[in-house]
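Worksheet: the structure to be examined is printed underneath.
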Amino acid sequence: MPESVESTQPQLFTWEFAADPYPAYAWLREHAPVHRTTLPSGVDAWLVTRYADARQALADGRLSKNPAHHSEQAHRSGRVGIPGERQADLMTHLLNIDPPDHTRLRRLVSKAFTPRRVAEFEPRVQQLTDRLIDGFAARGSADLIHEFAFPLPIYAICDLLGVPAEDQDDFRDWAGMMIRHGGGPRGGVARAVKKMRTYLLELIHRKRADLGDDLISGLIRASDHGEHLTENEAAAMAFILLFAGFETTVNLIGNGLYALLGHPEQRALLQESVHRGERALLATAVEELLRYDGPVELATWRFATRPLTIGGVDIPVGDPVLVVLAAADRDPARFAAENTLDLARRDNPHLGFGHGIHYCIGAPLARLEGQLAIATLLTRLPDLSLAADPAELRWRGGLIMRGLRELPVAFTPRP
C-alpha cells in the first residue's frame, strides 16, 4: 500500500468507529477492498468490503465455516467464534460446520421456519409485542432496547423452541449476559453459555417423554427416525438458534427504530402507510433497514481451505476471512444513493441475512418480528421521539453484531 494512502487509513475498531463505521468502510472499499488487519482479539484476518467480492466469498466452498481450518488454531483459546461455545461443547451447529453435515442439520431445522409455520406464529408475536408495549405505554418514556427490542425475540424464540414459560426469564438473563460481551463480569459469557447448555440437555431429556409441536421436539423426532442427530447436536442447534435468532432481531428492531427516528420524512411515510392497513411499504422498509444499518456488521468466520483469490488479492490456506456486510450493503457499485434511507427501495438484494448455503435460516421469523414490532410501535405511540443526544448513544462492543446499548425515547402517555 503506498505510504500516502496508508497514512490516511482510518482507525478500525475504536469506540468512534463503532458509533459510525461507514466512512471507514467507504475508504476500505475504495483503497483496500480486501484488507488484512489485526482484530482487537489479536487474530489477523482479511476484511472483504465490496459487494461483488462479498457475494463471491459468502458462496465460495473453499471458505470453510469450521474453525479447525484456522492456521493459528486461535479457536482453541476462544478468540474466534462465539465466546464460551467450545468450553460448553456446543460447537456442532450450523455456523461452524460444512456440507455434508451442514446440509443434514439445516434440512432438519428448516422445517421450523417454513412460510406456513412462521405465518402461524404471527398471532403469538403480535401478542408479545402488545404485552411489552403495555408495560411502558402509560409512562411516557422507555428504553426501547431493554424494554422492547431485547425481550421480544427472546420470548418468541423460547416459544418456538418449546422452553416452558416459567423458565423463559432464565433464558432472558443468560441472553443478556451473552450480548453484553465484554461489558459483563469476566468469564460471564462462558458461564451463561454453560448454564444454557446444561438446561437445554435437561429439556431435551424431558421432551423425549412428552413431545410437543415445538422445534426441540421436532429435532428429537428427526433423531428418532434415523437422521442420526446426536444429543449434543440437538443442544448445539437449539443454542445457535437462540443465539443467532435473538441478537440479530434485537439489533434489527433497535437499529431500525433509531434510523426511523433520525429520518422523520421516511418515518411519516411508513406511519401513514401502516395506518391505512397496507403491508407493502412495511415489507420494503424492513429490507431497507437491514441494508442501511443492519444487525450483523460482519458475517461469521470463514477459513480458507485452499488458496483462493478475492478481489485480486491472494488468500493463503488457513487464513480467516470476514465479509463486512455493512460495507457491502453500502457499495455504490451496487446500490444507488447508497447512504440514503429509502424505505420504498425496490432493487435491494442486500446481504443482511447472508448469501449462499449459510443464508440465515431464521430470516422469515426475523422479518415477521421486525415488521410487527415497528408497525405496532409506530401505531400505538405515534409521536415517539428520541430522548437523548445521538452523540451520547453507545453501541455494544463485539466484532460480528452491530447494536445500540440503549435507545431512550419519549412519547405521549397512552392508557
Tally the residues that are in contact (Cβ under 8 Å) with a residue 12 or more places away in the chain and assigned to a loop (DSSP other than H, G, I, E, B), restricting the search to segment 360-415. 26
Are any residues in segment 256-273 charged (D, E, K, R) and open to solvent by less than 50 Å² (accessible area, probe 1.4 Å), and if so, which ones? 267
For segment 297-322, how many residues meet the condition of being β-branched (Val, Ile, Thr), open to solvent by 10 Å² or more (accessible area, probe 1.4 Å) and touching a strand residue (DSSP E or B) at 6+ places or on another chain (Cβ under 6 Å)? 3
Residue 334: passes all of (1) in contact with a helix residue (DSSP H, G or I) (Cβ under 6 Å, 6 or more places away or on another chain); (2) basic (Lys, Arg); (3) surrounded by fewer than 18 Cβ atoms within 10 Å (Cβ to Cβ) but (3)
Go over the candidates 29, 55 one by one and state the one that is in a helix (DSSP H, G or I) and either of a type in the set (Val, Ile, Thr) or crowded, with 21+ Cβ neighbours inside 10 Å (or both). 29
Pairs under 7 Å by beta carbon, first residue more than 13 Å from residue 373 (Cβ to Cβ) in segment 116-142, partner open to solvent by less than 50 Å² (accessible area, probe 1.4 Å) and of a type in the set (Gly, Ala, Ser), six or more apart or different chains? 136/142; 140/410; 141/410
Residue 243 vs. criteria crowded, with 17+ Cβ neighbours inside 10 Å and either farther than 30 Å from residue 22 by Cβ or of a type in the set (Asp, Glu) (or both): no
Restricted to segment 126-144, and to residues that are of a type in the set (A, V, I, L, M) and surrounded by fewer than 23 Cβ atoms within 10 Å (Cβ to Cβ), which residue is nearest to residue 241 (Cα to Cα)? 128
Scan segment 66-80 and give yes if some residue there is at pLDDT 75 or above, open to solvent by less than 10 Å² (accessible area, probe 1.4 Å) and under 28 Å from residue 156 (Cβ atoms), otherwise no. no
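The values are calculated or read from the model by the stated rules, or taken from the named source; none is laboratory data. This one's a predicted model, so the numbers in the text were calculated from it and none came from an experiment. Here Cβ is always computed from backbone atoms with ideal geometry, including for glycine, and neighbour counts include all displayed protein chains. Each accessible area value is taken on the protein alone, full model and side chains, heavy atoms only, with ligands, DNA and RNA left out. Shrake-Rupley method; radii C 1.70, N 1.55, O 1.52, S 1.80 Å.
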